[in-house]
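What follows is a short report on a single structure.
The values are calculated or read from the model by the stated rules, or taken from the named source; none is laboratory data. Because the structure is a prediction, the values reported are computed rather than measured. Every residue, glycine among them, receives a Cβ derived from its backbone with ideal geometry; neighbour counts consider all protein chains shown.
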Amino acid sequence: MFGKQAYELLQEVASVPADNLPPFNEEAFRSVIDEVHMQHERLTTVYNESRERHRQRQEEEGGDPEEAAAGWQGTEAEATELMVYHSAILRNKRLLFTYVKERAERIQELRWTHRTLPEHVKANLSPLEQQYFRQYDRLLNKYCRSGGQGVGLDLTADPTPPDDPYVQVRVLRDYADVVFSSGKVSLRRGKSHWLPSDEVHPLVMDGVLELVGGTGGS
Amino acid sequence: MDTQDTEFDFLQSGPASTSGRSDAEQLKSALQNEKAAPEILQYETDLIARIEQNLDYQDEQIELLKENDDMKLLVEIYLSELSRVRYLLRAYLRVRLQKIERHVMHILDNADVAARLSAKEAQFARDYFVLFGGHMRAAAASHLPDAFSSLVRQASAHPGKDMVPAPDLDRHAFCRVLEDRGSVTVDEEGNVAEFNRGDLFVIRYRAIQQLLAEGAVELL
């Protein structure tokens, strides 16, 4: 059935939670493309044959070939066939585009929520998509950077409204000495600290810190 | 202390504000409007410039205050106020960026919509379009037959750009009226409604699009 394979392709993505991606299904993707080319070929053939038949008919009737071409009308059967191929191509195209777009949007979303690609997702991306992530990362960094080109704010920081200026965090793994606006803190596994909530969010996303006791709520 | 207080207080109405609302309140309202509107709104150039300036100034002032131990509580209060304003600013820029990504082709295609972006947003939109469009083309469109490979048309024979995602201006919106406007025409059939200060409406966005731009209503 036309469009079935493309639909299944899309369902692969839809069945996975939004922060994850199934492997890019190159094989199925290619075979949908092949299906489209087959449909397009049939579309062109039926169209040309129909015109040719029409032209011959006109010639036999002794009509003007110029005029005849303009007045072309397929039979009902031909028109139906053309319509089916045409709609099938449009549907396949829409599904393929949605597949690529949905994946690209999830890749973008990961840049906002995780900053870097988690390894298990990265393994599932096509080379083009990995490149897309790197370029999107660069683009967003440029917009967030301070100075002439950017707004000077990390827009991915604290997606929830601030509660207290300081939050309690626990260190999950050994990390370097970090200078916060409250002073220098050496982050060692298992220790807990009170730190400025604005500044801990990147480290929470990187999995170095976790928030203790629901403060901050992110 | 008095002079310092006014310098620090975002809630205090500055001389530059015309509506009698503080910058922080205006920013909050701008964020709320932006979040509720289906399309991207005019960038608040002056407001954001004022707030950015204020943030830098206040950072400096807090540094000065920190040296004095008696001011500890005050510093805490100022810090939390600052981080709230920063949060609003980030959220405002963030929600706009999301809309730009979602409707990038529609925005760049319509000069009057593109004019609503800040210079940096406009640059982002152009770069993003190149990136996203390039990816769609390389990953999908370039493999399709020529007649069907357009990113903006379903088939290249179609006259209109029928594949450009655009905001749905007929979506409903909740709005509060800020200025008395009397009778306002709310649909094509010429039906009118009384818009008086403080009234609440659930209404098609298109009907209040102009009023919102004029600041006569705010979205909820």
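Data for the structure
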item	result
Among (1) in contact with a Lys or Arg (Cβ under 6 Å, 6 or more places away or on another chain); (2) among the aliphatic types (A, V, I, L, M); (3) closer than 30 Å to A:E199 by Cα; (4) not assigned by TED's automatic domain parsing to the domain that holds B:A37, the one test that B:V152 misses	(3)
Some residue of region A:89-110 being more than 12 Å from chain B (Cβ to nearest Cβ) and either touching a Cys at 6+ places or on another chain (Cβ under 8 Å) or touching a residue at least 60 places away in the same chain (Cβ under 8 Å) (or both)	yes
A:T156 touching a helix residue (DSSP H, G or I) at 6+ places or on another chain (Cβ under 7 Å) and either surrounded by fewer than 17 Cβ atoms within 10 Å (Cβ to Cβ) or over 30 Å from B:K72 (Cβ atoms) (or both)	yes
Any pair with Cβ under 7 angstrom, 6 or more apart, that starts in region B:146-169 at a residue that is touching a residue at least 40 places away in the same chain (Cβ under 8 Å) and ends at one that is among the polar types (S, T, N, Q)	B:L169/B:Q209
Number of the exception - B:S183 against (1) modelled with pLDDT of 90 or more; (2) not in a helix (DSSP H, G or I)	(1)
Single residue of region B:155-180 satisfying the filter (of a type in the set (A, V, I, L, M) and under 30 Å from B:F129 (Cα atoms)) that is modelled with the lowest pLDDT	B:A157
Complete set of residues in region B:43-98 that are buried (at least 18 other Cβ atoms within 10 Å of the Cβ), among the polar types (S, T, N, Q) and at the interface with another protein chain (Cβ under 9 Å from one of its Cβ atoms)	B:S83
Selected residue (criterion: nearest to the other protein chains (Cβ to nearest Cβ)) from residues of region B:136-162 that are in a loop (DSSP other than H, G, I, E, B) and more than 35 Å from the chain's Cα centre (by Cα)	B:P145
Tally, over region B:115-125, of residues that are more than 13 Å from the chain's Cα centre (by Cα) and surrounded by 15 or more Cβ atoms within 10 Å (Cβ to Cβ)	5
Extreme residue, nearest to A:T160 (Cα to Cα), among residues of region A:111-127 that are within 14 Å of chain B (Cβ to nearest Cβ), of a type outside the set (G, A, S) and surrounded by 15 or more Cβ atoms within 10 Å (Cβ to Cβ)	A:W112
Test result for A:N124, of a type outside the set (A, V, I, L, M, F, W, C), in a loop (DSSP other than H, G, I, E, B) and modelled with pLDDT of 90 or more	yes
Test: A:Y143 is in contact with a helix residue (DSSP H, G or I) (Cβ under 8 Å, 6 or more places away or on another chain), crowded, with 18+ Cβ neighbours inside 10 Å and hydroxyl-bearing (S, T, Y)	yes
Selection status of B:A155, closer than 17 Å to A:T98 by Cα, surrounded by 17 or more Cβ atoms within 10 Å (Cβ to Cβ) and of a type in the set (A, V, I, L, M, F, W, C)	no
Verdict on A:L43 being touching a Leu at 6+ places or on another chain (Cβ under 8 Å), closer than 14 Å to A:E102 by Cα, in the same structural domain as A:Y85 (by TED's automatic domain parsing) and buried (at least 18 other Cβ atoms within 10 Å of the Cβ)	no
Top-ranked residue of region B:112-121 - restricted to ones that are more than 11 Å from chain A (Cβ to nearest Cβ) and outside any loop (DSSP other than H, G, I, E, B), ranked as farthest from B:L151 (Cα to Cα)	B:D112
From the options A:V167, A:V100, A:V178, residue that is surrounded by 19 or more Cβ atoms within 10 Å (Cβ to Cβ) and either of a type in the set (F, W, Y) or modelled with pLDDT under 90 (or both)	A:V167
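Yes/no per residue for (1) within 41 Å of the chain's Cα centre (by Cα); (2) in a helix (DSSP H, G or I); (3) among the aromatic types (F, W, Y); (4) modelled with pLDDT of 90 or more:
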position	(1), (2), (3), (4)
A:D34	yes, yes, no, yes
A:S50	yes, yes, no, no
A:R53	no, yes, no, no
A:Q58	no, yes, no, no
A:E78	yes, yes, no, no
A:Y85	yes, yes, yes, yes
A:L90	yes, yes, no, yes
A:K93	yes, yes, no, yes
